[in-house]
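Below is one structure, written out as structure tokens, with a few remarks after it.
What follows is calculated from the coordinates using simple rules that are stated; it is not laboratory data. The structure displayed is predicted, hence computed values, not measured ones. Neighbour counts run over all protein chains shown; Cβ positions are idealised from the backbone, glycine included.
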Amino acid sequence: MSEPGQDIVREDILARAAEWLAAGEQVALATVTETWGSSPRPPGSRLAVTVSGKMEGSVSGGCIEGAVAEAAMKTIASGVPQLLDFGISNENAWEVGLACGGKLKVFVEKLG
């Protein structure tokens with residue numbers, strides 16, 4: 001079950017990504033696919049990222065956005081989707097700021 005207004009926010013992010021694509025930008029979309037414990041954003045949360053550095057949405061409320069944006073740039077360059085796994089069992093969890101004790105998986109794909 002989604003939070004009130006969450007579906008509208010998701011549609012806005014997809015609309016913005018479509019606008020960027022129409023304007024000639026290269027775009028990747030990151031989507032939270034799974035959460036466990038104290039995760040910052042629910043499944044279905046999205047972040048659109050362009051190769052020029054524009055971002056719309058959120059997959060973490062800020063704590064892993066930089067790592068996801070970096071992965072999005074790699075996905076744009078390679079065209080290869082990625083499934084990212086963040087959490088306390090991940091040795092990089094503290095580096096990317098996921099100290100909240102939760103876990104989440106984020107799927108990153110190139111659009112267009």
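For residue 11 and residue 74, what does the FRET efficiency come to when R0 = 22 Å and r is the distance between their Cβ atoms, rounded to the nearest 0.05?
Given R0 = 22 Å and the Cβ-Cβ separation, E is 0.25.
Would you kindly state how much longer the chain becomes between residue 21 and residue 54 on full extension, computed as 0.36 nm times their sequence separation minus their alpha carbon distance, in nm to one decimal?
Length gained between residue 21 and residue 54: 10.7 nm.
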